[in-house]
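*Asks:* Could you have a look at this structure, given as structure tokens, before my questions?
Bear in mind these aren't lab numbers, they're just calculated from the coordinates by the rules spelled out. What you see is a predicted model; the values in this text were computed from it and never measured. Heads up, the Cβs are rebuilt from the backbone with ideal geometry, glycines too, and the neighbour counts pull from every protein chain shown.
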Amino acid sequence: MKLFDLHADTGYAVMKQRREGKVNIITQNQLPKRKEGGFQWVCMASYFEGTESWEEMQEMILALHEENDRCLQVHSVKTKKDLQQEDELYAIYTVEGMCGICDDVEAKIDWLYEHDIKIASLAWNDENALATGVRGNPMRGLSDLGRKVISRMGEHHMIVDVSHANKQTFWDIMDCATGAVMATHSNARALCDHPRNLDDEQCKALAKRDGIIGMVGCGAFVDQDPNKRDVKHFIHHMKYLRDLIGIEHIALGLDFMDDYDDGESFMLNDMRTPAQAQRIIEEMKHHFSEAEIKAIAYENAYRFLKQSWR
């Protein structure tokens, strides 16, 4: 079964390894695992935790482009016409956190758009000049600068990602965003009480505006019991959201760490790397119809992005 992954920390992995003098990182490290796992589309995030400058944001984004350009088997998605269903690997560029944007926000969003960023969140877990992540002040949401960013993103049909937003930022975004909104990598808080997961009202709000939620494979977001951080309990989140908001709003945003640090330890006990992702499909066969499996595996994400972009 082919897969559409709405979130991977590829940009961070590329930048870290390039600073160690490595090249051909996508070709040698990530592509073989993605192909073995059945991935056809991967949203490759440039991830910023809250301390990076605008120049550092640009450096990572440009490095990721360069590494993908080196790999002939990866096709960079620049417009929705590039989002095909041929038997290749398609890279969609995204940003996770905009801590480096503190001024001149419209010009900087324009630069991101010109460099093919299609989906972006304003904050990681941090509190920055634009918005507030889940570790920030719970009473603080979007700033005036953040609202300008949301407006400019809407002009470019860039999708706003709410996965790391705290509740106040989430509801501020839902109130002011005129374009598409999604959660690239979050689970159901009703099943796992983690601040990175979404409560029922947030899930319903996303579904009401035809958004989608990418199910995340980080163990701590699946179950509070380390012994239940496995594919079986990951599927429980899919089943819960199917009953709550409908199958058409569920996708995959697995959040593989792509070969940096000890990233595999954060994943499910029985699905550590992208090469093992078909284990999700095998478990889904016990709970979902073939049509439902295809919808979650790739069809919902593909449809949503096609409808949202220019």
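*Asks:* What are the aspartates and glutamates whose alpha-carbon lies under 14 Å from the alpha-carbon of K294, with same-chain residues fewer than 8 places away excluded?
*Replies:* D5, E248, E282, E283
*Asks:* How do L122, L62, L72 line up, fewest other C-beta atoms within 10 Å first?
*Replies:* Values: L122 31, L62 14, L72 9.
Least crowded to most crowded, the residues run L72, L62, L122.
*Asks:* Provide, as a two-decimal number, the C-alpha radius of gyration of the range 174-310 over 2.2 N^0.38 Å, N being how many residues it has. Intermediate results must be reported in sequence, preceding the final value.
*Replies:* Values: Rg = 14.4 Å, N = 137, 2.2 N^0.38 = 14.3 Å.
For the range 174-310, the normalised Cα radius of gyration is 1.01.
*Asks:* A follow-up question, please. Would you look at the GNM of the chain, springs on alpha carbons closer than 10 Å, and say which of N125, N269, N166 moves the most?
*Replies:* With Cα springs under 10 Å in the chain, the top fluctuation among N125, N269, N166 is at N269.
*Asks:* What do the square roots of 5 times the Cα gyration tensor eigenvalues come to for the range 61-183, in whole Å, largest first, as semi-axes of the equivalent ellipsoid? Spell out each step's value before the answer.
*Replies:* Values: eigenvalues 150, 39, 37 Å².
Each semi-axis is the square root of five times an eigenvalue, giving 27, 14, 14 Å.
*Asks:* Neighbouring Cβ atoms within 10 Å as the yardstick, rank C192, C203 fewest first. Numbers along the way, then the final one.
*Replies:* On the way: C192 21, C203 25.
Starting with the residue having the fewest Cβ neighbours, the order is C192, C203.
*Asks:* Still on this structure, I have one more. Under a point-charge model restricted to the Cβ atoms of Lys and Arg (+1) and Asp and Glu (-1), what is the dipole moment magnitude of the chain relative to its Cα centre, in debye to the nearest 20? Spell out each step's value before the answer.
*Replies:* On the way: 37 positive and 52 negative charges, 152 e Å.
Value, rounded to 20: 720 debye.
*Asks:* Among E86, E106, E299, which one shows the biggest mean-square fluctuation in a GNM of the chain, springs joining Cα atoms closer than 10 Å?
*Replies:* Residue with maximal mean-square fluctuation among E86, E106, E299: E86.
*Asks:* Related question: Quick check on the chain: what are the equivalent-ellipsoid semi-axes from the Cα gyration tensor, as sqrt(5λ), descending, whole Å?
*Replies:* Numbers: eigenvalues 132, 111, 69 Å².
They are 26, 24, 19 Å, listed largest first.
*Asks:* What residue among S289, S186, S53 has the largest mean-square fluctuation in a Gaussian network model of the chain, using Cα springs under 10 Å?
*Replies:* S289
*Asks:* Hey, which lysines would be in cross-link range of K148, C-alpha to C-alpha under 18 Å, not counting anything within fewer than 8 residues on its own chain?
*Replies:* K108, K118
*Asks:* Let me ask another. Taking amide H atoms as placed 1.01 Å from N in the peptide plane, list the residues 5 or more away in sequence, or in a different chain, whose amide H sits under 5 Å from that of Y90.
*Replies:* Counting only residues 5 or more places away or on other chains, the set is W41, V42, H75.
*Asks:* Rounded to the nearest 5, what % of DSSP beta bridges with both residues in the chain are antiparallel?
*Replies:* Details: 4 of 33 bridges.
If we restrict to bridges inside the chain, about 10 percent are antiparallel.
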